[in-house]
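Data first, discussion second: the structure below is written as structure tokens.
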Amino acid sequence: ALLPFFSKKRKNERCGLGLYVIRQILDLHHGFLHINSAVGEGTCIRCFFPVLSLDNSAVSRPE
């Protein structure tokens, strides 16, 4: 789902760039995605961007 033009929709419905573009934006800002999916329940996608400290340096990603 994070590849360009990936889509489960029928031809001519959408181009399939949504998550790919989000991933590129997150990568540029040193962020990351957290994806949870369960059959019959749906999918939750959370985007995380790093917090800047007062001196504008990025705080490290939690493990």
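Data table
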| quantity | calculated |
| --- | --- |
| Residue satisfying condition, being modelled with pLDDT of 90 or more and in contact with a Pro (Cβ under 7 Å, 6 or more places away or on another chain), within set GLY40, GLY31 | GLY31 |
| Cβ-Cβ under 7 Å pairs, at least 6 apart or on other chains, the range 44-63 side in a strand (DSSP E or B), far side modelled with pLDDT under 65 | LEU52/ALA58 |
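The values are calculated or read from the model by the stated rules, or taken from the named source; none is laboratory data. Keep in mind that what you see is a predicted model, and the values were worked out from it rather than measured. Because the Cβ atoms are built from the backbone with ideal geometry, glycine has one as well, and the counts that use them run over all protein chains shown.
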